[in-house]
Amino acid sequence: MKIHEYQAKGLFEAFGIPITPGDVASTASEAEALVESLGLPVVVKAQVHVGGRGKAGGVKIVDNLEDVAPTAKRILGLTIKELPVRKVLLTPAVHIATEVYLSILIDRGSRGVVFIGCADGGVEIEETAKTNPEKILRLACSVRELLDLPREKALPFARKLFADANLAEQAVDIMIKMARLFIEKDCALVEINPLIVDDQNKVIALDAKLLLDDNALFRHPELENLRDMDAEDPDELDAKAMGLSFIRLEGRIGCMVNGAGLAMATMDTIKHFGGEPANFLDVGGSSDPKKVVAAFRTILKDPDVQVILINIFGGITRCDDIAKGILASLEEMEVKVPIVIRLIGTNQEAGQALLEGTDLITAGTLEEGATKAAKIGGAA
Ligand code: GDP
Ligand code: MN
């Protein structure tokens, strides 16, 4: 789950990572009112779940009170990378002497947690990684180390970011706190870009990006409140409420599968035969016919879907329950697209018997199902 900069800064503050004070506003007049306590110059920052807001005009420094409301109004009217700006963060502008990049993240490549640093901050790190990969610093840490990061481990890394010893010590403090935040809140990423030095030689996080591990959110009910409903795909939320795992994709073949592993194998097989899946959808291990109806409704909301491939391997899931769900769906809604089905496993005879007389295209194997679906809903 992504959270906004102002929310991430709230967590930074709770863990003692230095930030500039600030507050959010949803209207121009609210923004203007905040300046009374924050003072001038002030930075007005779009709160959207994407990076590169600065480049998109979503970060502006304002010197005069009369410019605050118009600037806030302009930024609140922006859409950055398709996301409408609904809130702005106002924070006192600071003088930047130095900007560096610092993050901690789960690195699939090394199957562990690493700090990433770069002495050139502020700019997009992906660019630097491409053009000057030698400038990207890495420090791998075990989970045990992260629980209480030893200073001597962090210091050589921090010294590469800041040659000055005092600044490096401040960076070490920040790394220790980032590690604690990362572990305690089950993050996938904590990123500070830029981490800056102000004119009083203080190291401060000027930006904050934080990704929470969705699979660990149940351990942090207090963080669930940080979810921005406006920024989530409403269909994915509906599906989640129905107990389905659903992720929208680009293709035209709607998928309904039981089990996450089989759902992934199904998508791979579709691609292998020249098709593109329109979604990932795991109806789960149980076989509640209601879930099948919800799955149909979710898939059919996508206007790109030209065919549905149902791939069920019945173990705990009973094929007759799935068949009942399909029949109920066909009764409840108008399904205009062809449906290819492979239905095998527990109670498969009963399931197949129930579906006799329908227009469903049957397949004995996944290969056959994927080939048929790809032929109907294949690439244009
Ligand atoms: P991003 O573009 O979405 O990563 O947003 P940032 O919060 O990183 O802001 C973009 C850039 O605006 C930063 O890299 C800074 O150069 C600049 N900026 C942001 N806040 C301040 C500030 O308080 N003072 C100054 N001088 N520049 C700032
Ligand atoms: Mn940034």
Exposed GluC sites (Glu not before Pro) being those in a DSSP loop with at most 14 other Cβ atoms within 10 Å, the longest stretch of the chain free of them is 125-231
Heavy-atom accessible area per residue of segment 320-379, all protein chains kept, 1.4 Å probe, expressed in Å², is 52
Rounded to whole Å, √(5λ) for the Cα gyration tensor eigenvalues of the chain, largest first, gives 49, 25, 18
Scaled by the rule-of-thumb 2.2 N^0.38 Å, the alpha carbon Rg for segment 190-299 gives a ratio of 1.49
Cβ-Cβ cut-off under 15 Å around Leu38, Lys and Arg +1, Asp and Glu -1: the net charge is -3
Segment 21-92 -> Rg/Rh from Cα coords, Kirkwood Rh, value 0.93
The correct pair for segment 98-224, radius of gyration to one decimal and Dmax as a whole number, both in Å and from Cα atoms, is 14.3, 42
Excluding residues fewer than 8 positions from Lys372 in its own chain, the lysines with Cα under 30 Å of it are Lys240, Lys271, Lys290, Lys291, Lys301, Lys324, Lys336
With DSSP loop assignment and no more than 10 other C-beta atoms within 10 Å, the trypsin sites (Lys or Arg not before Pro) in segment 333-374 are Lys336
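The values are calculated or read from the model by the stated rules, or taken from the named source; none is laboratory data. Source: prediction; values computed, not measured. All Cβ positions, even for glycine, are placed from backbone atoms using ideal geometry, and neighbour counts span all protein chains on display. Remember, those area values only see protein heavy atoms, side chains included, never the ligands or the DNA or RNA. Shrake-Rupley method; radii C 1.70, N 1.55, O 1.52, S 1.80 Å.
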